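Undergrad: Take this structure first; my questions come after.
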Amino acid sequence: MKRIPRLLLVVIVFLVALPLIPGLPVFWITQMNYIGLYSLVVLGLVLLTGVGGLTSFGQSAFVGLGAYSTAWLATALGMSPWLGLLCGLALTFVVSYALGAITLRLSGHYLPLCTLAWCLSLYYLYGNLDFLGRYDGIAGIPPIELFGWSLGPGERMYYLIWLVLLLAMWATHNLLHSRSGRAIRALRSRTMAESFGVDLARYKVVIFVYAALLGSVSGWLYAHMQRAVSPSPFGLGYGIEYLFMAVVGGVGSVWGAVLGAGAILTLKDQLQNVMPHIVGQNVNVELLVFGVLMVLVLQYARNGLWPVVAAAWGRLSGGVRCAAIPEVVMASMVGHPLPVRDRPPVGSLVLKVNQVRKEFGGLVAVNDISFELRAGEIMGLIGPNGAGKSTTFDLISGVTPLTAGTVQFMGQRIDGKVAHDIARLGVGRTFQHVQLLGDMTVLENVALGAHLRSRAGVIAAALNIERDSEASLMREAAVQLRRVGLGDVLGEQAGNLPLGSQRLLEIARALASDPLLLLLDEPAAGLRYLEKQELARVLGQLRSEGLSLLLVEHDMDFVMNLTDHLVVMDFGTKIAEGTPEEIQRHPAVLEAYLGGLDEDDMLQEATLA
């Protein structure tokens, strides 16, 4: 961990010293300026595409908005470039917010196609408006001035460009390692994210607008560096090139944005110098070489070049990843306790499922199921594979809309509500198939469960002024991890844990949301005997605290010794309900669920299942 500040120090020293090197060709200052400008745009794509999973080919259009806004205001109205920056950002915000609100509802290949469409639209708009100079563009743009000091010369713009880029990298790093950042990194896991209160639509628009604003700033700097703008740098080809840089550099890495932009621009320049001597002046092979490069990167460095460079730097600097306590673990040691909900009185009605039905076309997955769950009670929902148990969980938690029936939680109807609103009311859950963010630490995964217990926003996260709130979330995550016996792996990556520990991690994440109702989908799957005993102890403690638990489980020994009440399903229909002792003797259960075995065989066979 210590090698990151050391690397940053090396980069800053290099950037400051570069223009001071005697005899350095002006070309290299200009090239570094372009690398900085491109890196700003690519940095937005790291957040939008690499982290958020939203592919965009249209970032060059937002660069054009920033460039044309300041160019027209400065030349036609004589406004200060700094006012041009503010106006460009405001215009970009409005346009990107409107586009995002419309297009980000789409999924699959439709979203990238939409980004192609509005990129082409804005490009042709720039080239066909008279007041923007049509395809000739706008010339005579004044340089930026700072306290009366002109930044017209390239070496002066160099310092401004790289200062802005480093500040943007700092803000993006802060954002990614915050409450909002965890929500953004969870966007790829839609069901899990919504179940812990993440408003997916909102965060998609947030990162879309954030990336657009970075592009607008790049356009503002470009316009005042070039002193002229025309439509050509803001076309679709440049949008594709930005995305290409992000992939090559490392689409999930802040530093990868700079590495990708630098590698591609340097390679492009060298190809333009070398290839004409090899294949002739009239043959353009840049695209062919870039295509080969993309294939090689995807084949040998699928996460981009930055992880390779970072690993090499670690070996060179002698850095050891585990030598220091991760920052998130440090935060968990200083945070304040979070407020908790008032538990309902033991025995009071918490959940009422009434005639719930779910149809998928002609298939009835859940057939008019009804049951009630009270505070301080553990209810088991059992049945063979395909009985509809997990679908019932999805209907209760709002992941899947029901076809008919009602669901009441704490006296309030929640059928028809979306998952993040239901989570806000106090419903937490785990999943049949573990859904964790494997590249995040164990502590960060659990902190995501406490997402709704903090109000820290995106701007506060980017400016790093929500440290107290973040520390409280981390403290809560550490408390819940110790509660389930994972207190010694706080800083470990979640993807490195064995399956049994990942199950416990999911339970800790659900507990971090401070739920009144906890839905556990096969919590004992993959656990060893002693781990199951510890899990049973934890769940029993939660019951004594007044928490209501509804669990799906195939281990009948675990279920029978733990639950107060059981509901048995078969082919989507409830076939029995009662205490564990009643269920073991119920003829319909013995016949339909286990083929007519007696109760001793039932326990043995179901445990094996």
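The values are calculated or read from the model by the stated rules, or taken from the named source; none is laboratory data. Only a predicted model underlies this, so the values are computations on that prediction, with no experimental measurement involved. Positions of Cβ are backbone-derived with ideal geometry, glycine not excepted, and every protein chain shown enters the neighbour counts.
Undergrad: In segment 124-138, is there at least one residue being closer than 23 Å to Ser69 by Cα, of a type in the set (S, T, N, Q), out of contact with any Gly (no Cβ under 9 Å at 6 or more places or on another chain) and not in a helix (DSSP H, G or I)?
TA: Yes, segment 124-138 has at least one match.
Undergrad: Quick check, is Leu175 surrounded by 24 or more Cβ atoms within 10 Å (Cβ to Cβ), under 21 Å from the mean Cα position of the chain (by Cα) and under 25 Å from Val329 (Cβ atoms)?
TA: Values: surrounded by 24 or more Cβ atoms within 10 Å (Cβ to Cβ): yes; under 21 Å from the mean Cα position of the chain (by Cα): yes; under 25 Å from Val329 (Cβ atoms): yes.
So Leu175 passes the test.
Undergrad: Follow-up question, since we're still on this one. Please go through segment 428-487 and pick out each residue that is hydrophobic (A, V, I, L, M, F, W, C), under 17 Å from the mean Cα position of the chain (by Cα) and not in a loop (DSSP other than H, G, I, E, B).
TA: Correct list: Val442, Leu443, Val446, Ala447, Leu448, Leu452, Val458, Ile459, Ala461, Ala462.
Undergrad: Answer yes if at least one residue in segment 561-572 is hydrophobic (A, V, I, L, M, F, W, C) and closer than 21 Å to Tyr529 by Cα, and no otherwise.
TA: yes
Undergrad: Go through segment 172-201 and report how many residues are of a type in the set (D, E, K, R), more than 16 Å from Ala450 (Cα to Cα) and in contact (Cβ under 8 Å) with a residue 40 or more places away in the chain.
TA: Residues flagged as of a type in the set (D, E, K, R), more than 16 Å from Ala450 (Cα to Cα) and in contact (Cβ under 8 Å) with a residue 40 or more places away in the chain within segment 172-201 amount to 1.
Undergrad: Just the residues that are at pLDDT 90 or above, assigned to a loop (DSSP other than H, G, I, E, B) and more than 20 Å from Val258 (Cα to Cα), please, taken from segment 139-178.
TA: Gly140, Ile141, Pro142, Pro143, Ile144, Ser178 - these are the residues of segment 139-178 that are at pLDDT 90 or above, assigned to a loop (DSSP other than H, G, I, E, B) and more than 20 Å from Val258 (Cα to Cα).
Undergrad: Please work out which residue is nearest to Leu562 (Cα to Cα), limiting yourself to segment 332-391 and to residues that are of a type in the set (Lys, Arg) and part of a loop (DSSP other than H, G, I, E, B).
TA: The extreme case among them is Arg343.
Undergrad: Something else now. Considering only segment 502-510, I want to know if a residue exists there that is over 19 Å from Arg185 (Cα atoms), outside the structural domain of Phe558 (by TED's automatic domain parsing) and among the β-branched types (Val, Ile, Thr).
TA: no
Undergrad: Continuing with the same structure: Given the conditions (1) at pLDDT below 75; (2) outside any helix (DSSP H, G or I); (3) not β-branched (Val, Ile, Thr), which single one is not true for Asn303?
TA: So the condition that Asn303 fails would be (1).
Undergrad: Then there's this: Report whether or not Thr103 is more than 20 Å from Val258 (Cα to Cα), touching a Cys at 6+ places or on another chain (Cβ under 9 Å) and either of a type in the set (Asp, Glu) or crowded, with 24+ Cβ neighbours inside 10 Å (or both).
TA: No.
Undergrad: Report those helices (runs of 4 or more DSSP H) wholly inside segment 534-609 carrying at least 2 residues which are in the same structural domain as Lys358 (by TED's automatic domain parsing) and at pLDDT 85 or above.
TA: In segment 534-609, the matching helices (runs of 4 or more DSSP H) lie at 556-562, 580-585.
Undergrad: Name the residue that is nearest to Asp136 (Cα to Cα), counting only residues in segment 224-240 that are of a type in the set (S, T, N, Q) and part of a helix (DSSP H, G or I).
TA: Of everything passing the filter in segment 224-240, Ser232 is nearest to Asp136 (Cα to Cα).
Undergrad: Anything in segment 557-593 that is over 15 Å from Phe371 (Cβ atoms) and of a type in the set (Lys, Arg)? List them, or say none.
TA: Across segment 557-593, the qualifying residue is only Arg585.
Undergrad: In segment 101-130, what residues are at pLDDT 90 or above and among the aromatic types (Phe, Trp, Tyr)?
TA: Matches in segment 101-130: Tyr123, Tyr124, Tyr126.
Undergrad: Name the one entry in Gly219, Gly250 that is crowded, with 19+ Cβ neighbours inside 10 Å, in contact (Cβ under 8 Å) with a residue 12 or more places away in the chain and either over 29 Å from Gly137 (Cα atoms) or acidic (Asp, Glu) (or both). Step through it out loud before you land on a result.
TA: Working: Gly219 fails: either over 29 Å from Gly137 (Cα atoms) or acidic (Asp, Glu) (or both).
Of Gly219, Gly250, the one residue that is crowded, with 19+ Cβ neighbours inside 10 Å, in contact (Cβ under 8 Å) with a residue 12 or more places away in the chain and either over 29 Å from Gly137 (Cα atoms) or acidic (Asp, Glu) (or both) is Gly250.
Undergrad: Among the numbered criteria (1) closer than 13 Å to Ala211 by Cα; (2) surrounded by fewer than 23 Cβ atoms within 10 Å (Cβ to Cβ), which single criterion is violated by Pro25?
TA: Answer for Pro25: the failing condition is (1).
Undergrad: Something else: (1) in contact with a helix residue (DSSP H, G or I) (Cβ under 7 Å, 6 or more places away or on another chain); (2) part of a helix (DSSP H, G or I); (3) modelled with pLDDT of 90 or more: which one isn't true of Asp514, the others all being true?
TA: The single condition Asp514 does not satisfy is (2).
Undergrad: OK, next. Among the residues of segment 419-434, what is the count of those that are of a type in the set (S, T, N, Q) and either buried (at least 19 other Cβ atoms within 10 Å of the Cβ) or outside the structural domain of Pro515 (by TED's automatic domain parsing) (or both)?
TA: Counting residues in segment 419-434 that are of a type in the set (S, T, N, Q) and either buried (at least 19 other Cβ atoms within 10 Å of the Cβ) or outside the structural domain of Pro515 (by TED's automatic domain parsing) (or both) gives 1.
Undergrad: Does any residue in segment 388-411 that is without any contact (Cβ under 8 Å) to a residue 12 or more places away in the chain and over 17 Å from Leu549 (Cα atoms) come within less than 8 Å, Cβ to Cβ, of a residue that is crowded, with 23+ Cβ neighbours inside 10 Å and not basic (Lys, Arg) six or more places away or on a different chain, and which pairs are these?
TA: Every condition considered, no pair remains.
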